[in-house]
Structure formats: C-alpha cells, structure tokens
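What follows is a set of notes on a single structure, which appears directly below.
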Amino acid sequence: MAYTIAVRTQMKMLPPTIDDYVGLHDPVRVYDAFVDALDFKKLGISLEPKAGADEYYPKDMLKLFIYGYSYGARSSRKLEQACHHNLSFIWIMGDLKPDYRTIARFRDRYKEQIKTVLKQSVELCMKMDLIEGNVLFIDGSKIRANASIQNTWTKERCQKALERIRQQVDELVETSERLDQEEQEASLIKLKKKVHDKERFIEQIKETMRQLETSSKDSINTVDPDCVKTHGRQGSHASYNAQIVVDDKHGLIVAAESVSHSNDLNQLSASVTAASDNLGKKPTVSCSDAGYHSIEDLKKIDPQITVIVPSKAQAHHEKYPEDTKPFAKEHFGYDPSTDQYTCPEGKILKRTTQNPGGHGRCWYEYKTESRDCRPCHHFGVCTSSPTGRSINRQVDEPFKEQLETIYQSPAGQEIYKRRKEKVELPFGHLKRNLNAGQFLLKGRSGTNAELSILSTCFNIARMITIMGIPQLLLHVRGM
C-alpha cells in the first residue's frame, strides 16, 4: 500500500475569479445575501462616500462581523487573520484585508446601529412565514462580562480599602521623612511616587463610593459599571443576564437584550414589549419559567396576552412532589362572596387586618377564633399559635390564582412543555457553537450589539436547516 504524500512545490492555480473560491451552495453565500437584503438606511448606517481618508464599505464590514460570529471568530484579531487565511472569508470580503484596529473601530462606532440587525432579520423571517409571533417563549442566561469579579466594589470593601491604604500612606510618609533626614534622594523619590500612586488610588475609591451612594446598586464594577455580580455552578463572576424571546413555530429568536440584573425577576414585561415591537404585533401567548413570576411585573403585560408562568409554589411542588404540607394555604378554600377561608376541618377564617407590604404590595390577614383551633386534633400540626391559625392573602391574589389556573390547564401544560426545547436550544448554540461564553465589548450598548449579531447568526443557521441553502438564497435575493 502506497502513501499519499503532500508536495508543497507542486504548481497549482486557484480559480481565476474570487467568486469561484466557494461553491454555489456554500453557506457563506447566505450570509452575503442576508446583509445585502438589509435596509442600511433603517439601520442608520450611511452607504454614501464621505470626504476624507478612504475607509472600508460598511456593508462589507458588517458581512465580516456577521459571518465571523457565525464561525466562532469574534475578536478583531481573529477576523483579521481569517481574512488572510480562510477562503470563505476572502470570498465574502472580496479579498479585502482590513487590519484588526479598523475592524474594532467599526464595531465600536456602529454598535448602536448593529443592535437593530436582529429586528430586520425577524422581519425577513416573517416575510418567509418562518415566524408566526403567536406563542413566545422567554428565558435568560448568564454570559460573562469582559471584566473581572475582582474589580467589583461594595461600600464595605471601599471603606476597608480606604482604611488600609491610608495606614500605608502614613507609614510611607514617616519613612520618607526619615530618608529625607538621612539625605537618601534615590529612595526618597521612589517613596514619593508610591505615596502619589496610593493617593490617586484613594481618589478612585472615593469616586466609586460616590457612584454607589447615588445609585441603587449594592456593588459596582470599575472596569464595566453596567455588569453585575452573578452566582452559578462555576462560581461568582461579573456577568450580564441575556434575555431572549423565541417564537414557537421554528424556535427562531425574535428579541434579545442583555440586562444588568442577576436574575430574571421583573424582566418578562420588558421582553414581551421588545418582541412585540420587533414583530409589529402583539403575541397571543407568552410563556416563561417560575423565575419570572412577579405579580407587579406580570400585571404590566397587555391583558389580551395569555401569560403562562408557574408560581414559585407550583414550581416547587413539581420539583419536590413529596414535600407537600397537609395544611398549606392551598388546602384552605376561599369564598369570595363572604371573603372568608375555610380550613380542612370546616372552621372559618375571617379577615382581621390590612397590612401594607413592601414595594407597594398590600395583604390581608385571616384568622380563626382561638377557641376553634385548641380543641382540634390537628392543633400543633396545623398551627401551634394560642390565638389560632392565620393566613395572609395579597390584594392581587385573584390575579395570581388566575395565572395558576391558566398554567394548570391542559392547554397551558401543553405549551409549557414545549418551552424548554424551544428556548434552551439558542443558548446552547450561542455558548457552545459560537464560543459566546463571554462578551468582548463593555457596557450594555456593546453587549447588546454582540447579542444582536449572535442571535442573527442563530436565526440564519436555523433558516438554512429549515429551508436549505438554494431555496433560502432565492427568497433572500428576491426581497
């Protein structure tokens, strides 16, 4: 058996034109056609040449970013390298080879405009009937920021650091006075520089404390002030919470935004509003997990939209069905006509007081008569209070019960079962296939631009899978 051996000195020729570098049905042609179909006037990027030094055509640069992100090449240096060595990159750029500084400047200059690329991809998918916009699934996932958790400061950490540094400055001043008397000029100059650096560091810490006092944040990261401290399986990190909204039909992303919150609470209404804006219409159903269950936030959603979100109690019961308390609140019947609860033993709980709760919430207390509970054979299990059993009922309890009923209905359960398979897939693709476990840009404007490109790349990959390259090219070029 003979070996096949490479011979680098063998004379070979590339195709005579760059267009022949890739096949007619190569995926790169879809990305090229997609950017050509974008309305750059809507994006806010001018394609008209301006006076001054020559610069690269914005349409070509955007093609480089979208295709590069789909290839897992996100840094400006990797994109520059790909333009020199990868035939598909050479093809989509027409053999242009911008350096990494030019690539980075373009991304930073147009990051606000790049955020709207996803919206145009949604409009394109709707024209091809790939997105219905009726049932939407919402979920969030933590993506690390381009900042270290060590740069996260709290008021307590600032105060401790100030005390420690001031003590160091006092020691350095004493040492410098001694060296001055001993006329050791070289050592004195070094010490004075150290004192100056420490004093400058003190001013930076004081500025951080002023920012903490004027904001509602518990901590702030000095490298990227918009990121937050999050906790996960891999420890604590400076991160953003990426919120995405996925359509039920083919699992395409219709909205995506990075937010400065460590959890998903109070994020549902904003996500539904953003999705409605991109779709140009209101959905009929929005579905998410129990992490989004906040009565105050869910009440902001249009009443015409059916909200399928399990309560914390429902989620806990599903996860731990054995952890069911026989005398929990749900086992007490409520009669709205008499405004009374009835316990499993038939005793009545009447409303006694109204209590203002935190964050504008209000609740009522319902109690039995003490003489009703003491003789009961469940006394000590149901309650051990000498004044009898009490139950709290929020003013918004009817709305909460309505949400629980919708979730428990057969239609609600059927939709909720589809949630995980639809909304978990994009995050897996973004983090594993596109190497997007960490943002490269800082600030919410930068991370939202990156998330828009990543979501668009996911949508294009899904479109290729659903329609095939030849059919998709025909549709996109015909737009």
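The values are calculated or read from the model by the stated rules, or taken from the named source; none is laboratory data. Values in this document were obtained by computation on a predicted structure and should not be read as measured data. Here the Cβ is made from the backbone with ideal geometry for all residues, glycine too, and neighbour counts use every protein chain on show.
Every residue in region 375-386 that is surrounded by fewer than 13 Cβ atoms within 10 Å (Cβ to Cβ) and in contact (Cβ under 8 Å) with a residue 12 or more places away in the chain, please. If the condition is that a residue be surrounded by fewer than 13 Cβ atoms within 10 Å (Cβ to Cβ) and in contact (Cβ under 8 Å) with a residue 12 or more places away in the chain, then VAL381, PRO386 are the ones that fit.
Conditions (1) at pLDDT 85 or above; (2) of a type in the set (S, T, N, Q); (3) surrounded by 13 or more Cβ atoms within 10 Å (Cβ to Cβ), marked per residue:
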| residue | (1), (2), (3) |
| --- | --- |
| ILE305 | yes, no, yes |
| PHE332 | yes, no, yes |
| PRO336 | yes, no, no |
| CYS362 | no, no, no |
| GLN394 | no, yes, yes |
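Within region 452-476, how many residues turn out to be more than 14 Å from GLY68 (Cα to Cα) and crowded, with 16+ Cβ neighbours inside 10 Å? Residues that pass the stated criteria total 11. When you scan region 326-344, do you find a residue that is part of a strand (DSSP E or B) and aliphatic (A, V, I, L, M), even just one? No - not one qualifying residue is present in region 326-344. The single condition among (1) crowded, with 16+ Cβ neighbours inside 10 Å; (2) basic (Lys, Arg); (3) farther than 30 Å from LYS78 by Cβ that LYS431 does not meet is (3).
Considering each of LEU124, LEU130 in turn, give the residue that is surrounded by fewer than 22 Cβ atoms within 10 Å (Cβ to Cβ), outside the structural domain of ALA33 (by TED's automatic domain parsing), under 24 Å from ARG418 (Cα atoms) and not small (Gly, Ala, Ser). Let's see the steps before the verdict.
On the way: LEU124 fails: under 24 Å from ARG418 (Cα atoms).
Step by step, each of LEU124, LEU130 is checked, and only LEU130 is surrounded by fewer than 22 Cβ atoms within 10 Å (Cβ to Cβ), outside the structural domain of ALA33 (by TED's automatic domain parsing), under 24 Å from ARG418 (Cα atoms) and not small (Gly, Ala, Ser).
When GLN314 is tested against (1) buried (at least 17 other Cβ atoms within 10 Å of the Cβ); (2) within 27 Å of MET128 (Cα to Cα), just one condition goes unmet, and that condition is (2). Inside region 46-101, residues that are farther than 22 Å from LEU440 by Cα and among the β-branched types (Val, Ile, Thr) make up a count of 2. The selection criterion, being touching a Ser or Thr at 6+ places or on another chain (Cβ under 9 Å), among the hydroxyl-bearing types (Ser, Thr, Tyr), over 26 Å from GLN471 (Cα atoms) and touching a residue at least 12 places away in the same chain (Cβ under 8 Å), holds for THR102.
If I ask for residues that are surrounded by 12 or more Cβ atoms within 10 Å (Cβ to Cβ) and more than 29 Å from the chain's Cα centre (by Cα), which ones from region 26-50 would you list? Across region 26-50, the qualifying residues are ASP26, ARG29.
Across region 314-331, not a single residue is classified as touching a Cys at 6+ places or on another chain (Cβ under 8 Å), free of Cβ contacts under 8 Å to residues at least 12 places away in the same chain and more than 29 Å from ARG419 (Cα to Cα).
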